[in-house]
Number of protein chains: 2
Amino acid sequence: MTAVRIHEVGPRDGLQNESQVVSLDDKLALVERLADAGLRSIECTSFVSPEWIPQLADSDALAARLPAREGVEYRGLVPNLKGYERFRASGRVHRAAVFISVSETHNKKNVNRSVAEHFDRLVPVIDRARDDGVPMRAYVSTAFGCPDEGRVAPEAVVKLTRDLVAAGVSDVSLGDTIGVGVPGQVHELAAAIGELIPLERIALHFHDTYGRGIVNVQAGYEAGVREFDASLGGLGGCPYAPGAAGNVATEDVVDLFERAGIDTGIDLHALVETTAWLERDVLGRPLTSRVYRAEMGRRERHRQKAEAG
Amino acid sequence: MTAVRIHEVGPRDGLQNESQVVSLDDKLALVERLADAGLRSIECTSFVSPEWIPQLADSDALAARLPAREGVEYRGLVPNLKGYERFRASGRVHRAAVFISVSETHNKKNVNRSVAEHFDRLVPVIDRARDDGVPMRAYVSTAFGCPDEGRVAPEAVVKLTRDLVAAGVSDVSLGDTIGVGVPGQVHELAAAIGELIPLERIALHFHDTYGRGIVNVQAGYEAGVREFDASLGGLGGCPYAPGAAGNVATEDVVDLFERAGIDTGIDLHALVETTAWLERDVLGRPLTSRVYRAEMGRRERHRQKAEAG
């Protein structure tokens, strides 16, 4: 057991937001490299309809070819019962995950249903997973703010989290979908939820839109949360494209913890090599992790110095 | 009095690290725009030898033309007694600042003297300022880590800070020159220094090299520090150049505090407009503040939507 658990969401939450479609072979190579770097929890894909998210249209094929790795847990998103059945058919993905928003407007835009209606649709999916003995995560979106409704009441987040756990999910990941959260909110939410549910069942999922991914991870750690979602290189956002809003970068989270002597079990050097490969050979666009960019800068200076001397 | 004080170092610490030399008129426009945005403490230049830092070779001319603004305090760096005399001659800069590193290697590289030798050279400068009734800040570099020596002992930082205050400086800014610090270090240092010196005399100066500028500002605030150095747009670093290592961005610090209900007295909208101007009309290269980039992304999406119909 490491002191904190980092759940890698790059292959799913990251790649689904890329403008280009990454090949199946590259996706598999990415998952393999992440496992080699020490990630023990990797969200590989989403079993959504291919029309919804063309970037993840190969989810069945990907799931069928996932490499069996001791101690590595694969996860897949399931939007509904049909998605859950595809997840089960794959046989190689260990955990499933559903998603729901706290805010009505965001939920409506996402799945064209009210929060209550969507919750009712998730219940049979959660039931099926429980019957099958499959751990089921719930992603709670807009837990810190909504693009349309603004600040989200912590009471609503606490209620939804409690209802999801009561319905049978194994863990809940609270997502700051638009990256507006501040540390005080993280503390407030963790304290309120911690009174009802053991914090071992809570993960935090931050986006770095306003540069607060890392400060909110730190706040979550101080508040007692030990699982954090992150994406390699800060995948999913680009600072030079409109709508930049990547996940907090795995490298940045690993370095934050490791520098503080908190064991993540992850090899930062291997992560940096993987991001370099992804940037150069797969995506062809610069990735935004600060730790990655600093390391690339260090190497470039070293190279220039060697050439000069 | 605002709840926190943000000391803007962009015109000095930012521009001195830019590859190009910004014109005097643009520098003056920048200072004026910063004052308009609500900054009450602006480091305008460094009275160094023009051969040292060509980007700031116009310091005398700049100082002579600084606009008199009620409540705005201008500061200038003075490397030595000669620099201090130029600072005094200008008559328009309110505060001076000297700098020294904690680490021997860094100090040697910077000023070609040991820390003790450099300290001895600073004493007459600090004395002169005290005689003149001029508040003198000291910047303590490599307070969280040194590129050559690695981790810096907090005891050494505490000792140097205490010696500087005993010598007569009004305040000390502790700089994380290479951006390696973590929140635990900030807490440790603030607690140790707070036992000897009122924290009102301490400022913190973070670079965002590893994405920890904001988390360290937050840690400093929680530890009782109320003054933070920052630079507009994250000036001074570029993520696509080797050696990227900008100051923590003023916009990102302002948004961190304001979103938490902590008054900075600064108009974020005016900052964003200034960064847009600086990026487009002055530097011609993208600036890295996350808050700035998010706002630009929002505007671009809005524009595209309006065009689409």
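The values are calculated or read from the model by the stated rules, or taken from the named source; none is laboratory data. Quantities reported herein were computed from a predicted structural model and do not represent experimental measurements. Counting neighbours? That spans all protein chains shown, and the Cβs are built from the backbone with ideal geometry, glycine included.
In the stretch A:177-212, what count of residues is obtained for those that are facing chain B (nearest Cβ under 8 Å) and either among the charged types (D, E, K, R) or over 16 Å from the mean Cα position of the chain (by Cα) (or both)? Don't jump to the end; show me each part of the working.
Initially, the stretch A:177-212 is screened for residues facing chain B (nearest Cβ under 8 Å), giving A:179-180, A:182-184, A:208-212.
This time we only want the ones that are either among the charged types (D, E, K, R) or over 16 Å from the mean Cα position of the chain (by Cα) (or both), so: A:180, A:182-184, A:208, A:210-212.
Here the count works out to 8.
Restricting to the stretch A:261-271, what's the tally of residues that are away from chain B (no Cβ under 12 Å) and of a type in the set (A, V, I, L, M)?
Narrowing the stretch A:261-271 to residues away from chain B (no Cβ under 12 Å): A:263-267, A:269-271.
Going one step further and asking which of them are of a type in the set (A, V, I, L, M), we end up with A:266, A:270-271.
Of the residues in that region, 3 qualify.
Being more than 8 Å from every other protein chain (Cβ to nearest Cβ) and crowded, with 21+ Cβ neighbours inside 10 Å is the filter here, so list the residues in the stretch B:284-303 that pass it.
B:L287, B:Y292, B:E295
Kindly list the number of the only condition in (1) surrounded by 19 or more Cβ atoms within 10 Å (Cβ to Cβ); (2) within 21 Å of A:V248 (Cβ to Cβ) that fails for A:V48.
Of (1) surrounded by 19 or more Cβ atoms within 10 Å (Cβ to Cβ); (2) within 21 Å of A:V248 (Cβ to Cβ), only one is false for A:V48: (2).
Is it fair to say B:V115 is in contact with a Leu (Cβ under 8 Å, 6 or more places away or on another chain), over 17 Å from B:P183 (Cα atoms) and in contact (Cβ under 8 Å) with a residue 12 or more places away in the chain? Can you show your working first?
Details: in contact with a Leu (Cβ under 8 Å, 6 or more places away or on another chain): yes; over 17 Å from B:P183 (Cα atoms): yes; in contact (Cβ under 8 Å) with a residue 12 or more places away in the chain: yes.
So B:V115 passes the test.
Out of all the residues in the stretch B:150-165, which are of a type outside the set (A, V, I, L, M, F, W, C) and buried (at least 19 other Cβ atoms within 10 Å of the Cβ)? First the steps, then the outcome.
Residues of the stretch B:150-165 of a type outside the set (A, V, I, L, M, F, W, C): B:150-151, B:154-155, B:159, B:161-163.
The one that is of a type outside the set (A, V, I, L, M, F, W, C) and buried (at least 19 other Cβ atoms within 10 Å of the Cβ): B:T161.
Of all residues in the stretch B:56-70, which are over 15 Å from B:L30 (Cα atoms) and under 19 Å from the mean Cα position of the chain (by Cα)?
Scanning the stretch B:56-70 gives a single hit, B:A57.
For the stretch A:62-105, give me each residue that is more than 16 Å from A:D131 (Cβ to Cβ) and of a type in the set (D, E, K, R).
Correct list: A:R65, A:R69, A:E70, A:E73, A:R75, A:K82, A:R86, A:R92, A:E104.
Within the stretch B:245-255, identify whether any single residue is of a type outside the set (S, T, Y), over 19 Å from B:R5 (Cα atoms), touching a residue at least 12 places away in the same chain (Cβ under 8 Å) and more than 12 Å from every other protein chain (Cβ to nearest Cβ), and answer yes or no.
Scanning the stretch B:245-255 turns up no residue that is of a type outside the set (S, T, Y), over 19 Å from B:R5 (Cα atoms), touching a residue at least 12 places away in the same chain (Cβ under 8 Å) and more than 12 Å from every other protein chain (Cβ to nearest Cβ).
Is it the case that B:V215 is touching a Leu at 6+ places or on another chain (Cβ under 8 Å), of a type in the set (A, V, I, L, M, F, W, C) and either at the interface with another protein chain (Cβ under 9 Å from one of its Cβ atoms) or surrounded by fewer than 24 Cβ atoms within 10 Å (Cβ to Cβ) (or both)? Even if it seems obvious, please write down each step before you answer.
On the way: touching a Leu at 6+ places or on another chain (Cβ under 8 Å): yes; of a type in the set (A, V, I, L, M, F, W, C): yes; either at the interface with another protein chain (Cβ under 9 Å from one of its Cβ atoms) or surrounded by fewer than 24 Cβ atoms within 10 Å (Cβ to Cβ) (or both): yes.
Against the criterion (touching a Leu at 6+ places or on another chain (Cβ under 8 Å), of a type in the set (A, V, I, L, M, F, W, C) and either at the interface with another protein chain (Cβ under 9 Å from one of its Cβ atoms) or surrounded by fewer than 24 Cβ atoms within 10 Å (Cβ to Cβ) (or both)), B:V215 qualifies.
Those residues that are modelled with pLDDT of 95 or more, within 17 Å of the chain's Cα centre (by Cα) and either surrounded by fewer than 24 Cβ atoms within 10 Å (Cβ to Cβ) or hydroxyl-bearing (S, T, Y) (or both), I need them from the stretch A:229-265; list them, please.
The answer is A:S231, A:T250, A:T264.
Inspect all residues belonging to the stretch A:125-142 and state whether any of them is among the hydrophobic types (A, V, I, L, M, F, W, C), over 26 Å from A:G220 (Cβ atoms) and out of contact with any helix residue (DSSP H, G or I) (no Cβ under 9 Å at 6 or more places or on another chain).
No; the residues of the stretch A:125-142 include none that is among the hydrophobic types (A, V, I, L, M, F, W, C), over 26 Å from A:G220 (Cβ atoms) and out of contact with any helix residue (DSSP H, G or I) (no Cβ under 9 Å at 6 or more places or on another chain).
Looking for whichever is under 20 Å from B:D252 (Cβ atoms) and not acidic (D, E) here; the options are A:V186, A:V165. Which one fits?
Working: A:V165 fails: under 20 Å from B:D252 (Cβ atoms).
Only one candidate qualifies: A:V186.
Determine, yes or no, whether A:V22 is crowded, with 18+ Cβ neighbours inside 10 Å and under 17 Å from the mean Cα position of the chain (by Cα).
Details: crowded, with 18+ Cβ neighbours inside 10 Å: yes; under 17 Å from the mean Cα position of the chain (by Cα): no.
Taking the combined requirement at face value, the residue does not satisfy it.
Of (1) modelled with pLDDT of 95 or more; (2) over 16 Å from the mean Cα position of the chain (by Cα); (3) in a loop (DSSP other than H, G, I, E, B), B:D148 satisfies all except one. Which?
All conditions pass for B:D148, except number (1).
Identify, from the list A:S114, A:S90, A:S173, the residue that is closer than 26 Å to A:A190 by Cα and either touching a His at 6+ places or on another chain (Cβ under 9 Å) or modelled with pLDDT under 95 (or both).
Working: A:S114 fails: either touching a His at 6+ places or on another chain (Cβ under 9 Å) or modelled with pLDDT under 95 (or both); A:S90 fails: closer than 26 Å to A:A190 by Cα.
Sole residue among the options that is closer than 26 Å to A:A190 by Cα and either touching a His at 6+ places or on another chain (Cβ under 9 Å) or modelled with pLDDT under 95 (or both): A:S173.
Inspect the stretch A:154-164 for any residue being without any contact (Cβ under 8 Å) to a residue 60 or more places away in the chain and either outside any helix (DSSP H, G or I) or touching a Lys or Arg at 6+ places or on another chain (Cβ under 7 Å) (or both) and give the result as yes or no. Please lay out each step first, then the result.
Going through the stretch A:154-164, the residues without any contact (Cβ under 8 Å) to a residue 60 or more places away in the chain turn out to be A:154-159, A:161-163.
Now drop any that are not either outside any helix (DSSP H, G or I) or touching a Lys or Arg at 6+ places or on another chain (Cβ under 7 Å) (or both), which leaves none.
The answer is no, given that none of the residues of the stretch A:154-164 is without any contact (Cβ under 8 Å) to a residue 60 or more places away in the chain and either outside any helix (DSSP H, G or I) or touching a Lys or Arg at 6+ places or on another chain (Cβ under 7 Å) (or both).
For the stretch A:5-45, name all the residues that are under 22 Å from A:F257 (Cβ atoms) and among the hydroxyl-bearing types (S, T, Y).
Listed by number, the list holds a single entry, A:S41.
Take residues that are farther than 19 Å from A:D176 by Cβ and tell me which of the helices (runs of 4 or more DSSP H) falling wholly in the stretch A:201-309 contain 1 or more. Working first, answer last.
Details: elements: A:213-222, A:250-259, A:268-277, A:290-308.
Counting at least 1 such residues, we get A:250-259, A:268-277, A:290-308.
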